[in-house]
Amino acid sequence: MTPLRKVAALLQRLVDKIDPHEGRYRMLFERSPLPMWVVDTETLHFLAVNDAALRLYEYSRDEFLAMTADAIQRPEDHAAFREFLRREAGAVHYGAFRHLKKTGEPIDIDGVGHLVGWRGRPARLVQINDITERLRTQQTLERLNRELELSHERLRALSRRLFEVQEEERRRLARDLHDDVGQALTALKIQLESLARSGGEVAARPRVDECVDTVQHTLERVRHLSISLRPPQLDDLGLAAALRSHLDRQARVSGLQAHFEAGDAPQEIAPDIETACFRVAQEAVNNVVRHARARNLWL
């Protein structure tokens, strides 16, 4: 005899002993830690139910035995559950369903149905495994995995954007150094070489003045680039002063009318937050200057 047939034969002996008299098979049914019940496959009325099933569904035994299987099932699932209970092909069937407790609370279950005989009538002995918490945990894990993947995607996008901003800033700095400071230093070199060849203090005076002007312009450009990279006010005077300085400087360059308000700014701000706030405002002001064609700028 195959193992499946042995199990089916044992279950049939168990069912035969449930109703008529107490016995060891009835004790196995009643004391089983897994919820179990027997249902008539024609009428779908419950014929027997064990204590574990009563605790799970929260009905009394009399209430349970007065119901049909439809009472523990959502209306939209009646057809599938009836087909599971009444299917004749094969002795054992499996199915996952959502049942309802007496309170209306839904529970997710795995059901194993064994075709048995009950006083000569076909019946189904169903063993219930409550998987509600397992499904909730699985759904929570799936949701957390989706959120984690979304966070990773956002982090990747942020990393890409950060790289782009860094490269853009480096290109701008390289262009400014090449086009402005580099040309100024080249001009200064040419002037000094010419001064060395010309000789004479009187003739050299205008050229010396030109060299001084060139050096002064170069110093101003280097100072401007240094401030753009990291304004000293941010470290020395704080966020509000650095923002005001940056706004005034950009307004002078672009001809904007600047409006600044920092009355509600907190006095104590962590350095990393100050830097982040400054960069956000710096980028916003730069975008206004480059693209907005504005006359006024409020910060």
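The values are calculated or read from the model by the stated rules, or taken from the named source; none is laboratory data. Model, not experiment: these values are computed from the prediction. Glycine also receives a Cβ, built like all others from the backbone with ideal geometry; neighbour counts cover every protein chain displayed. Ligands, DNA and RNA are stripped out before the accessible areas are found, and what is left, the full protein with its side chains, is counted by its heavy atoms. Shrake-Rupley method; radii C 1.70, N 1.55, O 1.52, S 1.80 Å.
Some observations on this one:
- The range 29-41 - phi-based ³J(HN,Hα) in whole Hz, Karplus 6.51/-1.76/1.60, Gly and Pro as x: 5, 5, 8, 4, x, 8, x, 9, 8, 10, 10, 6, 6
- Each label point was placed 7 Å from the Cα along the Cα-to-Cβ direction; for V208 and E193 their separation is 2.2 nm.
- The protection proxy used here, the mean number of other Cβ atoms lying within 10 Å of each residue, ranks peptides 232-241, 263-272 as follows, highest first: 232-241, 263-272.
- With DNA, RNA and ligands ignored, accessible area of D51 (1.4 Å probe; Å², nearest 10): 50
- Measuring only protein heavy atoms, the 1.4 Å probe finds M67 accessible over about 30 Å².
- A probe of 1.4 angstrom, applied to the heavy atoms of all protein chains, finds T186 with accessible area near 80 square angstrom.
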